[in-house]
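Heads up: the structure comes next, in structure tokens.
Only the coordinates and a few stated rules stand behind these numbers; no lab work does. Fair warning: this is a prediction, and the values are worked out from it, not measured in the lab. Because the Cβ atoms are built from the backbone with ideal geometry, glycine has one as well, and the counts that use them run over all protein chains shown.
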Amino acid sequence: MNILFANYGQSDNNSAYHIAGFAGGLAARGHDVCVAVAKSVPDGKFESVDGFRMASHRTALKTGVSFADGRPADVLHVWTPRETMRQFAMSHAAAWGHAALLVHLEDNEEAIFERFTGCSLEKACTLDQPWPKGLIHPVHFKPFLQSAKGVTMVHRCLEPLVPVGLPRQEIVPVMNFRFFASGPQNQNLRSELGLAPTTRVVVFNGNDHAAAAMDIRQLYEAVDTLIERGMDVAFVRTGHVLPANYDGLHFRPGHRCIELGYVERSSIPDIMRLADVVVQPGDGDYFNAHRLPAKVPEYLTMGKPLIMGETNIGRELAMADAALVLPGMSPAHMAEAIASLLNAPDEAAAMAARGREFARSRFSGEVVIPLLESFYRSCIPAAVSRPPAKSCELRH
């Protein structure tokens, strides 16, 4: 098959890492695969990466993707129904054609829209104004979803958001078990961060954004509670931080609260190996109920004791006894859970080992890639008509 993925962002976000896992796995099975990204690749260039090619959105639209057999894409798989992806799909269909459009869901996009804009989707549909292209368009996104031949979901918890009657398939991320390998701590890194040998570490990897702002703030409060009780604990965090989200919070950067900001992907495993406990904050609200936080499969693959709420993949983990899953994720609940794992290291290690086995059964390429390949084949029409190739720019 000729397969074109389109990522709403660049080549270094979590979605891009997921796409790369799928693209590499499909290429290894003999498919011709290209990934279109925003700006990461110079215009006019196609870069080879792990058996597939990568190009900018502009290049994919202006020059088209030349597949080896001379045919257009059998599948255009766009990442999320956000407006930038809707416009890309429209432009690609008009200029180059594709047999089947598939849309990937990884979040509750309606919840993100409402938290980012402060406007309900219902009200937004009545307003004649431009909206950020990095969000769904309140009027156009549902017809766009319904126009797809199928929908993939990062986890089955997103199924209620799929339009009735559309084929759908859960496609969880493919984890690189060599990259996210458990192992000894990097003592040089520990020393650089000023962590004493006796200090226990809670690690969180993730960026601040409007949809999860309160969840992450409450994790800060939970760790601060433990420190106030006299526990020798430090909080190490990666990702972009919006300081305004923490106004009025006593627990701010210092020797117990270490904010590393953006770090290179290659540094993440060493940072995660410092963790005695990892936490995915957030209760089962309308945002968290329909997502799979990208860091959760990574935590599990690393074999780290995980605490999370009884939402999205949490229910699966609870059944497998592969994480400490809480019915409520208030600061007090998180603090108690962290303390319980730190005070029972043998039980925490056994749970973490079950988490790693869970990851192997759920997030390995041998399991996921054949499912995706089969779903593609089921979505491609038996006979398609393709328009003649021509150049284009983005259509609005």
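Rounded to the nearest 10 degrees, the angle from helix 365-379 to the longest Cα principal axis of the chain is 30 degrees. Karplus-based coupling profile of segment 153-160, in residue order and whole Hz: 10, 5, 7, 5, 5, 8, 4, x, with θ = phi - 60° in 6.51 cos²θ - 1.76 cosθ + 1.60 and x standing for Gly or Pro. Taking other residues whose beta carbon is less than 12 angstrom from the beta carbon of residue 242, and scoring Lys, Arg as +1 and Asp, Glu as -1, yields -2.
Take every pair of alpha-carbon atoms less than 8 Å apart whose residues are at least six positions apart; their mean separation over the length of the chain yields a relative contact order of 18 percent.
Projected label points at residue 242 and residue 192, each 7 Å from Cα along the beta carbon direction, are separated by 2.9 nanometres.
Given the options 20, 72, 181, identify the residue whose Cα lies farthest towards the positive end of the charge dipole of the chain (+1 on Cβ of Lys, Arg; -1 on Cβ of Asp, Glu). Highest projection toward the positive end goes to 72. Each label was represented as a point 7 Å from its Cα along the Cα-to-Cβ direction; for residue 48 and residue 228 these points are 5.9 nm apart.
Build a GNM of the chain with springs between Cα atoms under 10 Å apart, and of 264, 298, 221 the one that fluctuates most is 264. 3J(HN,Hα) along segment 218-232, derived from phi through the Karplus expression 6.51 cos²θ - 1.76 cosθ + 1.60 where θ = phi - 60°, amounts to 5, 5, 4, 4, 5, 5, 4, 4, 5, 5, 4, 7, x, 6, 7 Hz, with x in place of Gly and Pro.
The residue among 253, 266, 195 whose Cα reaches farthest toward the positive pole of the charge dipole of segment 187-362, with charges on the beta-carbon of Lys, Arg, Asp and Glu, is 266. Principal-axis analysis of the Cα atoms of the chain puts helix 331-342 at an angle of about 70° to the longest axis. For the residue pairs 123/295; 62/123; 62/295; 39/149; 149/304, alpha carbon separations beyond 30 Å are given by 123/295; 62/123; 62/295; 149/304. Near residue 44: Cβ cut-off under 9 Å, other residues only, Lys/Arg at +1 and Asp/Glu at -1. The net charge is +2. Each eigenvalue of the Cα gyration tensor of segment 187-362, multiplied by 5 and square-rooted, gives one semi-axis; in descending order these are 22, 19, 16 Å. The relative contact order of segment 187-362 comes to 23 percent, based on Cα pairs under 8 Å that sit 6 or more residues apart. Between amide H atoms placed 1.01 Å from N, distances below 5 Å from residue 6 occur with 36, 77, 78, 79, all of them 5 or more places distant or on a separate chain.
Overall, the chain carries a charge dipole of about 1200 debye about its Cα centre when +1 sits on the Cβ of Lys and Arg and -1 on the Cβ of Asp and Glu, all other atoms neutral.
Per-residue Karplus couplings for segment 72-77, computed as 6.51 cos²θ - 1.76 cosθ + 1.60 with θ equal to phi - 60°, are listed in order as x, 5, 6, 10, 10, 10 Hz, Gly and Pro entered as x.
Annotation for segment 209-310: trypsin sites (Lys or Arg not before Pro) lying in DSSP loop with at most 16 further Cβ atoms inside 10 Å of their Cβ are 229. Taking the longest Cα principal axis of the chain as reference, the axis of helix 345-362 is set at about 10 degrees. Summing +1 for each Lys or Arg and -1 for each Asp or Glu among the other residues whose beta-carbon sits under 12 angstrom from that of residue 350 gives -2.
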